[in-house]
Structure formats: structure tokens, C-alpha cells
């Protein structure tokens, strides 16, 4: 990170009547997202920010707490605040809030994640490198040879992440990485820590995972799309059949369609 001396802070606005903390926070947020404040850059001191915006130090502390909660900065004890915003962190923060607020269940997560993975597989079939395919096959081997529930869960996440990484679409990658972690996290809650249960659940989807990687390696777009759909449908059956999987049984098709249409537009 950049620990160079703090530069003079020149705000792009001064708070008007209303919530000063919210206005200052929005100004700094725009600078971070606009690239004016680079990742790793140190923010000026609380005193400098307060003087620049013409507000109190307590207001700046409120702003920093909001920026921290939004995943835009981190605070190092004794060193100050640094910009740490990343695409995945921002998406994770927003989607996690929505999932908690709307009480999204595992079927809804699987529905959206399955739609996105289908598109990822389609792209991967045309863009995957040898390294991408190697990473996918390595994760399959890790799943098959795991000796603990934690190792199986990690292998599954690595497989899903390697699949979407091969798509080359940054937005798709960020969305799917978050949803993969949510999906596996929900399965952990349902499945518990019994290794035999994890082994059997993972084994039931082994053939579908293998066919998906084979299609991607062959560059078979239609085959990859079909394999991804089969993997998703099989996953839905296997996971929702697990004990304690008491979640709504209605998949959010509209949300799935919206995500896919947005991603296709973004990649063109």
C-alpha cells in the first residue's frame, strides 16, 4: 500500500443543509469508484478531511464508519484509513444485504447461480485456456480425494470459481464467486459436518461436473451449455432433498433472466 505523505485534500463539494456525513461519504465514495482514489491509497487524516469539508472530526468519523461498512476502506490501527474497494467486495456487500433482507433461500440462490453458471460455461467453451481447464480438472481431483467436509467444500468452491474464471467476464466472475460462497455456505448449514454425507452428496454430482469440463475442453458451446444445465438441475434435486432443506420451492426465474441479459449486454 502507498504510505507516502498525505496530500492536501481538496473536496469536490462542501456539505449543504442536511446530513453532512451522508454528503461527505457520497463525495468520497464517488472518488473511490471513479478511480480518483486508487486502491491502496491512504486517506488524509481526520483533521485534514474535517478542515477540507468544513465539518467536525466526529462527522468524519461517522463517514469513515460508513465507508468501512460499505467495504470501501480499511482502517489500520495507528496508521490510518486506506482504500480497499474491490468489485467482489462491493457486489458481496450489496447482494448479502439483499439476501438477508429478503430472506432468500437456497432454491433462489441455486436458481440464479445456475443461470449464471450456464452462461459462464457457454463463454468458457470459447475462451478457456489450457491453464483454465487444468485448474478445473485439478479441483475435480481434489473433490474426489478429499478426506474432510471442509476439503470437499473448498474443492467445490475452487471448481465453481475456476469454471467462471474461464469465462473472462469480470462482472460474471464477481457475481458467481459470491453466489458460490453463499451456496456452499447454505449447504454447510444443511449438511452439517458428517464427512460421509458430504462424500455422498459430492459423488452424486461427479459425472455432471466431469461432462461439463469435457465439453469446455472440446470447445463445444452447445455441449457446455447442456452440461451446465444438467449439473444445475441435478444440484437442485440433490441439495433440496437433503434433510433440513426447508426452503421455498419456487425458483426466481425473473431474477435469473435479468442477470443473464445484463451480463450478455455487458460482454458485447
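The values are calculated or read from the model by the stated rules, or taken from the named source; none is laboratory data. Computed from a prediction, not measured in an experiment: that's the story for all the values here. Here Cβ is always computed from backbone atoms with ideal geometry, including for glycine, and neighbour counts include all displayed protein chains.
General observations
- When residues of segment 27-46 are limited to those that are at pLDDT 90 or above and part of a helix (DSSP H, G or I), the one nearest to residue 81 (Cα to Cα): 46
- Residue selection: residue 49 fails the criterion of being surrounded by 13 or more Cβ atoms within 10 Å (Cβ to Cβ) and within 11 Å of residue 82 (Cα to Cα).
- Residue 209 meets each of the listed conditions (1) under 16 Å from the mean Cα position of the chain (by Cα); (2) buried (at least 16 other Cβ atoms within 10 Å of the Cβ) apart from (1).
- Residue, modelled with the lowest pLDDT, within segment 161-172, restricted to residues that are buried (at least 19 other Cβ atoms within 10 Å of the Cβ) and in a helix (DSSP H, G or I): 172
- Test result for residue 139, in contact with a helix residue (DSSP H, G or I) (Cβ under 7 Å, 6 or more places away or on another chain) and in a helix (DSSP H, G or I): yes
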